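Participant: Encoded as structure tokens, here's the structure I'll be asking about.
The values are calculated or read from the model by the stated rules, or taken from the named source; none is laboratory data. Nothing here was measured: the structure is a model prediction, and the numbers come from that model. Note that each Cβ is placed from the backbone with ideal geometry, even for glycine, and that neighbours are counted across all protein chains shown.
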Amino acid sequence: MKKGVLLINLGTPDNCTVADVRKYLREFLMDRRVMDIPFYKRWPLVNFIIAPFRGPQSAKIYKELWTPQGSPLKIYGEQLRAAMQHSLGQDYIVDLAMRYQSPSISSVLKKFEKQNLAELVIIPLYPQYASASTGSTIEAVMEVIKKWEVIPDLKIISKFFDHPLLIKTFAERARVHMAQNNYEHFIFSYHGLPESQIKKAAHNNYCQLNAKCCSAYHAKNLYCYRAQCFETSRLLATELNIPSDKMTVCFQSRLGKTPWIRPYTDEVIPELAKRGIKNVLAFSPAFVADCLETTIEVGVEYKKLFTEAGGKRWDLVESLNTHPLWIECLTQMILDKQNTYVIN
């Protein structure tokens with residue numbers, strides 16, 4: 001009997017047209033874990049305000065990102081699937097799904113259901129656990145699998161932000177830049193979340209959203225997204241010998257007027273330039289594949305913000321994509337049950 005591996009990323013519009021982007025935004029933002037407000041408030045907000053007005057603007061940005069082959073996120077996903085199939089061999093069946101849009105989780109799991117698998121490994125491709133990403137993906141998977149007559153052994157890898165090979169891969173990417181340029185400062189920019197979502201996930205109200213509660217990663221903040229982001233950054237800084245006074249951890253992509261986790265990347269950048277810092281190397285370690293949030297937001301928009309504030313050089317460390325060390329990292333996680341949630 002073979003084993004299955006399902007790689008799941010967040011998703012992407014099927015095309016960069018306004019209609020397709022609006023469709024994607026509606027599916028994404030109607031997820032209760034993404035916008036955790038009551039349905040009767042969420043539905044009109046998404047369908048009458050956000051999707052209609054944000055759709056054309058987002059479509060324009062997606063057109064900058066789009067390639068002749070389609071969305072980079074999906075392209076890298078398919079390449080990763082093929083590389084993992086090669087790495088794991090004939091005893092495994094590897095497939096790719098997206099939490100939103102296509103290929104859908106339900107359509108891919110339908111194929112797995114027919115395979116008579118001995119085991120199914122689920123890997124949401126988000127290094128740091130968050131309810132809005134990992135939690136939502138696992139919930140969507142379980143909604144489908146709970147209806148199966150025969151449920152194989154399930155192995156869910158819910159976080160891997162501190163995996164040594166993940167850190168090593170990002171570091172290898174960074175060293176290419178560091179060998180060519182002398183950077184004065186290093187930014188670690190992560191996708192943001194509303195403060196309310198961080199507090200909801202806190203164990204016994206431990207999280208205070210400050211430096212003290214995120215200064216170390218331990219049992220009390222085990223599933224705190226912000227603490228995991230700081231830990232990833234500390235591990236990367238250690239690997240690359242980056243002094244603490246030359247690095248900043250911050251958060252991007254906030255939506256609406258409610259407080260999101262701080263500091264905000266777009267507020268940190270002008271302050272760095274005002275301090276006379278001219279050369280910055282930026283990381284985006286919440287993403288394992290280059291996409292709109294890395295290539296455009298960090299690589300283009302933040303570069304413009306930095307140079308307009310007086311900075312000179314802004315470089316972005318490429319994401320993991322299909323780097324050989326990343327393939328090795330995933331292979332290790334699949335073959336090793338340690339630090340995973342197993343349902344027998």
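Participant: Looking only at region 233-280, filter to residues that are at pLDDT below 95 and basic (Lys, Arg); which one of those is farthest from Asp36 (Cα to Cα)?
Facilitator: Only one residue tops the list, namely Arg262.
Participant: Search region 145-164 for residues being among the acidic types (Asp, Glu) and farther than 25 Å from Ala286 by Cα, and hand back the single one that is surrounded by the fewest Cβ atoms within 10 Å (Cβ to Cβ). Full working, then the answer.
Facilitator: Keep residues of region 145-164 that are among the acidic types (Asp, Glu), which gives 149, 153, 162.
Cutting the leftovers down to farther than 25 Å from Ala286 by Cα gives us 149, 153.
Values: Glu149: 5, Asp153: 13.
In this case the residue turns out to be Glu149.
Participant: Could you please find all residues in region 176-228 being in contact with a Ser or Thr (Cβ under 8 Å, 6 or more places away or on another chain) and outside any helix (DSSP H, G or I)?
Facilitator: Hits for region 176-228 are His185, Phe186, Ile187, Phe188, Ser189, Tyr190, His191, Gly192, Pro194, Ala201.
Participant: Further question: Just for helices (runs of 4 or more DSSP H) wholly inside region 26-102: which have at least 2 residues that are surrounded by 16 or more Cβ atoms within 10 Å (Cβ to Cβ)? Write out each step before concluding.
Facilitator: Working: elements: 39-44, 51-65, 72-88.
Counting at least 2 such residues, we get 51-65, 72-88.
Participant: Now for a separate question. Just a yes or no: is a residue in region 230-244 more than 19 Å from Ser319 (Cα to Cα) and charged (D, E, K, R)?
Facilitator: no
Participant: Could you please find all residues in region 103-141 being touching a Phe, Trp or Tyr at 6+ places or on another chain (Cβ under 7 Å), crowded, with 21+ Cβ neighbours inside 10 Å and in a helix (DSSP H, G or I)? Walk me through it before giving the result.
Facilitator: Of region 103-141, the ones touching a Phe, Trp or Tyr at 6+ places or on another chain (Cβ under 7 Å) are 113, 120, 127-130, 133-134.
Right, trim to crowded, with 21+ Cβ neighbours inside 10 Å and you get 120, 127-128, 130, 133-134.
Residues satisfying the conditions are Ser133, Thr134.
Participant: Taking the criterion of being in contact (Cβ under 8 Å) with a residue 40 or more places away in the chain, more than 27 Å from Arg33 (Cα to Cα) and touching a helix residue (DSSP H, G or I) at 6+ places or on another chain (Cβ under 9 Å), would at least one residue in region 192-209 satisfy it? Don't jump to the end; show me each part of the working.
Facilitator: Going residue by residue through region 192-209, those that are in contact (Cβ under 8 Å) with a residue 40 or more places away in the chain are 192-198, 200-201, 209.
Remaining after also requiring more than 27 Å from Arg33 (Cα to Cα): none.
No: region 192-209 contains no residue that is in contact (Cβ under 8 Å) with a residue 40 or more places away in the chain, more than 27 Å from Arg33 (Cα to Cα) and touching a helix residue (DSSP H, G or I) at 6+ places or on another chain (Cβ under 9 Å).
Participant: Which numbered condition in (1) closer than 29 Å to Glu301 by Cα; (2) free of Cβ contacts under 8 Å to residues at least 60 places away in the same chain is the only one that Cys213 fails?
Facilitator: (1)
Participant: Considering only helices (runs of 4 or more DSSP H) fully contained in region 234-344, which possess at least 2 residues that are in contact (Cβ under 8 Å) with a residue 40 or more places away in the chain and surrounded by 16 or more Cβ atoms within 10 Å (Cβ to Cβ)? Lay out the reasoning, then the answer.
Facilitator: Values: elements: 265-274, 302-308, 324-335.
The helices (runs of 4 or more DSSP H) meeting that bar are 265-274, 324-335.
Participant: Here's another thing I want to ask about it. Considering each residue of region 12-25, count those that are in contact with a Leu (Cβ under 9 Å, 6 or more places away or on another chain) and buried (at least 23 other Cβ atoms within 10 Å of the Cβ), and give that number. Before the answer, list the steps.
Facilitator: Just the residues of region 12-25 that are in contact with a Leu (Cβ under 9 Å, 6 or more places away or on another chain), to begin with: 12-13, 16.
Okay, now just the ones that are also buried (at least 23 other Cβ atoms within 10 Å of the Cβ), so 12-13.
So the answer is 2.
Participant: Next question, about the same structure. So how many residues does region 45-69 have that are over 23 Å from Leu193 (Cβ atoms) and free of Cβ contacts under 8 Å to residues at least 40 places away in the same chain? Break it down stepwise before answering.
Facilitator: Step one: of region 45-69, the residues over 23 Å from Leu193 (Cβ atoms) are 48, 52, 56, 59-60, 63-64, 66-69.
Remaining after also requiring free of Cβ contacts under 8 Å to residues at least 40 places away in the same chain: 48, 52, 56, 60, 67-69.
So the count comes out to 7.
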